[in-house]
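Okay, handing you the structure first.
Computed from the coordinates by the stated procedures, all read-outs in this text should not be read as laboratory data. None of the values given here were measured: they were computed from a predicted structure. Here the Cβ positions follow ideal geometry from the backbone for every residue, glycine too, while neighbour counts run over all protein chains shown.
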Amino acid sequence: MSSRWKKVWADFWSNKTRTFLMILTIIAGTFAVGLNNNLGLQMNRDMDADFLSANPSEATLYISPADEDMLATLQDIEGVGAIEGRSDVTAQLVQDDGKKVVINFDGIKDPAEITVNLLKPDNPNDTTLSTLSDKEVLLDETAKSLGYEIGDMLNIELSNGKIRELRLAGYVHSVTTIPYAMMGQAQAFINPETLEWMGGSSEYYTKLNLSVAENPTDQQHVSDVTQAVSDRFEKGGGTTYFILIFNPGHHFAWDVTQGVIVVLGVLGWLLVALSAFLVVNTIVSLMSQHSKQIGIMKAIGGQNRQIMAMYIVLILSFGAAAFVVSVPLASFLNIVVLEGMATWLNFNVGEFTIFPQTVIQQAIVAFIIPLLAAIFPMWNTVRVTVREALSDYGLGNAGVKQAKKQTKDSRVLSRPVRMSISFRYAPPVIRLIRQVFLSRPVRISIRNTFRRKMRLALTLSTLVLAGAIFVAVMNLFGTFDKTMRDVEKYFLADINVSFDRAYRYEKVAGIVESVPGVESIEGWMMLGGEIISADETTANELALVAPPADSTLIEPILTEGRWLMPGDENAVVIGNHLLSVRPDLKVGDTIKLNILEKESEWKVVGIYNIPGNVIPPLIYVNYEYVSHLVNSPGDVYSLRIITSEKDPATVAAIGQELQALLDEKQIQVSNIELAAEWRLQQTQQTDVLVYFMLVMAILTAVVGGLGLMSTMSINTLERTREIGVMRAIGASNFDIQKIVLVEGLFIGLLSWAGGILLSAPITSALVYGVGIAIFKTPLQFTFGVEGIGIWLAITLVLAILASALPARRASRLTVRDTLAYE
Amino acid sequence: MGAGLETIMLTLPFTKNGKKPAESNGYPLISLRGVDKLYKTAVGDFPALVNVDLDIKAGEFVSVIGKSGSGKTTLLNMVTGIDRPSAGEVWVNETAVHELGENKMARWRGINLGIVFQFFQLLPMLSVIENIMLPMDFCKTFPKNERKERALELLDQMELADHAFKLPTALSGGQQQRVAIARGLANDPPVIIADEPTGNLDSKTAERVFELFNNLVSQGKTIIIVTHDNEMAKRASRVALIADGEIVSDKPNGKPPSQPSPLGGRSNFSPLGGEMSDRAEGGA
């Protein structure tokens, strides 16, 4: 190795702290981009591959009973790829502790002969599915968390209160099923005989799973084919109650994961930008330290391109080290996260792949970005003449070019000195404040902060961006929380009891009221219906929700018009989800609804907004009016209960007591849902984004801290001689440390303020993007103090940590060391 | 400092391609014609050099003396191309230095000039031998496999072979300056330029550095040094006095310039080393 390259190696290896910080900085970006990119690619690939291999249905039609003959006629409709009928029963799984879980049983003849929404063995290495005998059940693998082992007996409580025992024959992987943790409902499969034994029908189907022949992701095409099937079915005398088409051709979590991948991708590249700032900062200071060496090299024959090549190789060496560490690190975490995501979102992971495009992006981040960031600072130093490079005399020359500015600064900072005369007679507290905050070392720190303006600007940029991302992510958490609270405003009850059929309100309310802890009850009605277009050619599914006119358990977010009032008769409040399919609707319009095969006209009095996916769209009407319209005054389908105590344990205990009492009174309860459980199910869907973003926010904080540490180290190194002079004139260890620490804290506080300002537009963009990607609606911008407070604490800790080592090093320098020439 | 070190006998190890040093043919090796240098400062233009004419023949050992701020270093910077004249011409070894671009200048400088600085300016992260090999690496004046051998021989001539693999910080000031001289000789340049080479050394060590320079002159090198030390300056064959940017006096030092001799192996060594030793002892 020639001495040129030995110098490069020495520059790389001799200052280990600088090298470590530089590599760590590049690793942060390379790791983040690698993880996000590869994870996104592999998730998309595996999610789709697993999903499509199950021949998924794009639409489900809930119908009046249909037999095999009818099914055969539907199979021939143009555009239908496969259609399969199923009959199901919903019951409750009674666990050993008495807790009940809603469980849906699909009747299937032979698990291996299903043609749509195929089942697979829960272990991807197995090739054969468990068979189903009478009184046996296969559980979807996402319900493994319930803790049942194969061979266990499952106690099932039917809606009529009867208990059935089923033997768990095995677990299956059903990629088209929404996981238990998210739905709060387990999916199970039994044979037709067992289904009949459970109260279902083995001869007729109650739902049709439809898979189109082509264009499965084309919503309009899927909708058209489904409508054709429904029309044919209804022509044959059947009734289609409801059609479910949700994100056809894709796994149920596709939209969420796309949103997550995009947002994380943006954050990853922001992190790369942070790293680039930091690389510039470090290179600027490195080149400043090396300017004399460069002058010498040029004096002994080194040409610009030769010297430039040396520094390019140095930068590439940092990149290579970062690349070598971050590629396997990102890959390892990729596997861990992917497996977690697969379990959580219910899809099978394929063979782990490191995608070439990921490695290319990582290489760009590790090699090209640092090089681009460093090329101008490097060139600016390399091209200086030998004379400029060698003309460094006396104490740090940072102030030489700033003579005018320093004079100005001195004027500004000399004010406290003038004030000191009056401070002599000031109260002790003021004198103490002055002593602490305006003492000379502090003033030196503040002055030092602004000496290297470009470096300060780069450090501040890094920290400000890190702070802004952190605060924005915290604000996004706050927004999620607020969104959940907004959604909860439509479901304010502590306990929601749903019945399998209508009950007289007085009867069920009387039972529920007798349970201690129940404070108040409301009886609600829910009905399926259709909105008919003005030209009466099309109809859209919807659900009517009918709270009592004086309900206190709903606080809607109105975007237009008003809410329902007592005495309103045919008034209806429509929501954003109906508007997405009927954008022509507005307040004051009269709409035609088909409720239980009876058409009626309603007047739109208001429009509400609810975030998230709601299928079918919900419209609100007065209970009093609609219950008369459907000839069921006084009947309710659900009870919304407020408890006197709000802690989850008490509410859960009340829920259990209610369950027992209603069972005893033989009331057919389909589900008892606790607000806390419901909230948990909802937040499960956003948790993945929250955790990922938290990781990214922490990474940005780390990079920001590295930036500050790098700056403080460089500043201290540059001021070695000044420190020597200060020590020579009596500065103690504490004085020297204080100067460095206060400078670090001052930069930290400046960046904190800047970060808060910048976080506003970033929060706005993040909230909008995430809202559209995940909730299908822009979320409401929230700016919380939590993020600001936490970032302040992190900034102060980072500033102290980043300055402590340079401060300690500075205080250990002796006068002899610091004033010695090279 | 051991007694042996006081007599440094310098014989240049070998030259590139057997090239001879520039010979005195009556034409100056270094020529400055009407050189002006103006520095722009906050308080107005400062004339560092005013209409300087200077000719130096091959094999001359010229001392440039003058007070601080008189323009000595600026004059050297004109010769080395480290700085450019505001007006006038600078010719070194038949090259118009004032016309060279920065990049060509670096290569030209590396091959034609050996520069020795007051504070040695060795690269601290490279070992002594690597510092000496660096100019050869940059200028590729010697084949790769010969560079180490040449560096070692130069160090041997400086009686520093034992320190070859140490870092510069492990050496004394005098030793570092000798390494710097060895580095200056690495590409076998015809001209050695030294700015206050003894300014940071004690008198004994400074004496020995001068012995080295004398020895180099005897080997045919042309040397220009800037110094504050009038006594040291008198060891040169010619002394130029500069004041306020003008050469006010330029005369031989009562001793004719050394006649260049072809560089070669030790067999070509002239017994000047002994003389130097005597002078050094006398000087002490």
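For region A:487-570, would you read off the P(r) tail past 17 Å as a percentage of all alpha carbon pairs? Don't jump to the answer; show the numbers that get you there.
Numbers: 2159 of 3486 pairs.
Across region A:487-570, Cα pairs with separations above 17 Å total 62 percent.
On average, how many beta carbons from a partner chain sit within 10 Å of the beta carbon of a residue in A:5-14? Before the final figure, lay out each step's value.
Working: counts 1, 8, 7, 1, 2, 7, 2, 1, 1, 3.
So the per-residue partner count for this stretch is 3.
Using label points projected 7 Å from each Cα along Cα→Cβ, tell me how many nm separate B:ALA161 and B:GLU94, to one decimal.
Those two pseudo-labels are separated by 3.7 nm.
Hey, another quick one. In debye, nearest 20, what is the charge dipole magnitude of region A:495-645 about its Cα centre with +1 on Lys and Arg Cβ and -1 on Asp and Glu Cβ, if you could check? Let's see the in-between values first.
On the way: 10 positive and 22 negative charges, 20 e Å.
With Lys and Arg at +1 and Asp and Glu at -1, about 100 debye.
Report the gain in length on full extension from A:SER145 to A:THR537: 0.36 nm times residue separation, minus Cα-Cα distance, nm rounded to one decimal.
Values: separation 392, 0.36 × 392 = 141.12 nm, distance 4.71 nm.
Extending this stretch completely gives an extra 136.4 nm.
Please state the equivalent ellipsoid semi-axes for region A:100-158: what are the square roots of 5 times the Cα gyration tensor eigenvalues, largest first, in whole Å?
Numbers: eigenvalues 80, 43, 26 Å².
Equivalent-ellipsoid dimensions as semi-axes: 20, 15, 11 Å.
Strictly greater than 25 Å: what percent of every Cα pair in region A:76-211 meets that? It would help to have the intermediate numbers written out before the result.
Details: 1981 of 9180 pairs.
Result: 22 percent of Cα pairs exceed 25 Å.
While we're looking at this one, here's another question. Taking the Cα centroid of region A:693-712 and of region A:7-41, what is the distance between the two, rounded to the nearest whole Å?
With region A:693-712 and region A:7-41 each reduced to a Cα centre, they are spaced 13 Å.
Enumerate the residues in region A:610-637 having an amide nitrogen under 18 Å from the point lying 7 Å beyond the Cα of A:LYS598 toward its Cβ.
A:621-637
Express in % the proportion of alpha carbon pairs of region A:206-257 at distances exceeding 18 Å. It would help to have the intermediate numbers written out before the result.
On the way: 470 of 1326 pairs.
Within region A:206-257, distances greater than 18 Å cover 35 percent of Cα pairs.
Now a separate question. What would the Debye formula give as log10 I(q)/I(0) at q = 0.08, 0.09 Å⁻¹ for the alpha-carbon point model of chain A, no solvent?
Those come out to -0.84, -0.96, one per q.
Right, something else. Determine the distance separating the Cα centre of region A:219-233 from the Cα centre of region A:486-543; give it in Å without decimals.
Cα centroid to Cα centroid, the span is 30 Å.
If you look at just the Cα atoms of region A:136-233, how large are its Rg and its Dmax in Å?
Taking only Cα atoms of region A:136-233, I get Rg and Dmax of 16.9, 45 Å.
Remind me, relative contact order of region B:27-283 in percent, using alpha carbon pairs under 8 angstrom and six or more residues apart? Write down the numbers at each step before the final one.
On the way: 509 pairs, mean separation 66.1, N = 257.
Taking the mean separation of contacting Cα pairs over the length of region B:27-283, I get 26 percent.
Give me the inter-chain shielding for A:379-388: mean count of other chain Cβ atoms within 10 Å, whole number please. Mind dumping the intermediate values first?
Numbers: counts 0, 0, 0, 0, 2, 1, 7, 10, 8, 2.
So the per-residue partner count for this stretch is 3.
Any idea what the relative contact order of chain A is, in percent, if you count C-alpha pairs under 8 Å spaced at least 6 apart?
16 percent
Can you check how the C-alpha radius of gyration of region B:27-283 compares to 2.2 N^0.38 Å, as a plain ratio? Walk me through the intermediate numbers first.
On the way: Rg = 17.8 Å, N = 257, 2.2 N^0.38 = 18.1 Å.
In units of the 2.2 N^0.38 Å rule of thumb, it is 0.98.
In Å³ and rounded to a whole number, note down the convex hull volume per residue for the Cα atoms of region A:495-645. Please report the intermediate quantities before stating the final value.
Values: hull volume 17.5 nm³, N = 151.
Cα convex hull per residue, to the nearest whole number: 116 Å³.
Now a separate question. May I ask which residue of A:ILE788, A:LEU689, A:ILE607 lies farthest towards the positive end of the charge dipole of the protein assembly as shown, with charges of +1 (Lys, Arg) and -1 (Asp, Glu) on Cβ and the Cα centre as origin?
It is A:ILE788.
Once the Cβ-Cβ distance between A:TRP13 and A:GLU388 is put in as r, and R0 is 25 Å, what FRET efficiency do you end up with, to the nearest 0.05?
On the way: r = 28 Å, r/R0 = 1.13.
Computed FRET efficiency for A:TRP13 and A:GLU388 comes out at 0.30.
If you project the alpha carbons of region A:661-802 onto the principal axes, what extent comes out on each, in Å, largest first?
The principal-axis extents, from largest down, are 92, 34, 21 Å.
Can you pull the mean other chain C-beta count within 10 Å for peptide B:77-83?
Mean number of neighbouring Cβ atoms from other chains: 4.
Can I ask one more? Starting from 0 in steps of 10 Å, tell me what percent of the Cα-Cα pairs of region B:99-140 lands in each bin.
26, 50, 23, 2
If I stretch the segment between A:ASN215 and A:ARG679 completely, what's the gain in nm (0.36 nm per residue apart, minus their alpha carbon distance), one decimal? Each step should come with its number before you reach the end.
On the way: separation 464, 0.36 × 464 = 167.04 nm, distance 3.59 nm.
In short, 163.5 nm is gained.
How do the peptides A:263-276, A:620-633 rank, highest first, by the average count of neighbouring beta carbon atoms within 10 Å per residue? Working shown, then result.
Details: A:263-276: 22.4, A:620-633: 19.7.
Output ranking for A:263-276, A:620-633: A:263-276, A:620-633.
Okay, next question. Hey, which of these cross-link pairs are over 28 Å Cα-Cα: B:LYS37/B:LYS140; A:LYS7/B:LYS144; A:LYS99/A:LYS646; B:LYS148/B:LYS221; B:LYS40/B:LYS67?
On the way: B:LYS37/B:LYS140 33 Å; A:LYS7/B:LYS144 17 Å; A:LYS99/A:LYS646 19 Å; B:LYS148/B:LYS221 22 Å; B:LYS40/B:LYS67 21 Å.
With Cα atoms farther than 28 Å apart: B:LYS37/B:LYS140.
Do the sum for the protein assembly as shown: with -39,500 (n - 2.57) for every DSSP H run of n ≥ 4, divided by all residues, what is the mean residue ellipticity at 222 nm, to the nearest 500 deg cm²/dmol? Before the final figure, lay out each step's value.
Values: 32 runs with 530 residues, N = 1106.
Rounded to the nearest 500, it is -16000 deg cm²/dmol.
Compute the distance from the alpha-carbon center of region A:569-597 to that of region B:207-239, in whole Å.
When both Cα centres are located, 104 Å separates them.
If you don't mind, another one. For helix A:785-812, report the angle its Cα long axis makes with the longest principal axis of the Cα atoms of chain A; keep it between 0 and 90° and round to the nearest 10°.
30 degrees
In 10 Å bins starting at 0, how do the alpha-carbon pair distances of region A:286-395 split up by percent?
13, 31, 21, 15, 11, 7, 3
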